[in-house]
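The values are calculated or read from the model by the stated rules, or taken from the named source; none is laboratory data. Keep in mind it's a predicted model, so treat the numbers as computed, not measured. Methodologically, a virtual Cβ is constructed for each residue, glycine included, from the backbone with ideal geometry; neighbour enumeration extends over all protein chains shown.
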């Protein structure tokens, strides 16, 4: 997803009543919650967005 795509996605979720719980590792990861407190973790993968300073896992080692 492009930078504009994820910004639009997060903005749409917030406009629909959600809230950002954490964007400390954005643009790699966000945690959003709905009005009931249910949380979802959005992770940019594998388009090259940083993942909070860590390297992506090697699928052959998982």
For residue 10, work out the one condition from (1) more than 12 Å from the chain's Cα centre (by Cα); (2) in contact (Cβ under 8 Å) with a residue 24 or more places away in the chain it doesn't fulfil. (1)
Residues of the range 14-33 satisfying the condition of being surrounded by 12 or more Cβ atoms within 10 Å (Cβ to Cβ), out of contact with any strand residue (DSSP E or B) (no Cβ under 8 Å at 6 or more places or on another chain) and without any contact (Cβ under 8 Å) to a residue 24 or more places away in the chain: 26
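How about the range 34-47: which of its residues are modelled with pLDDT under 90 and touching a strand residue (DSSP E or B) at 6+ places or on another chain (Cβ under 6 Å)?
First pass over the range 34-47, keeping only residues modelled with pLDDT under 90: 42-47.
Scanning the range 34-47 gives 42, 43.
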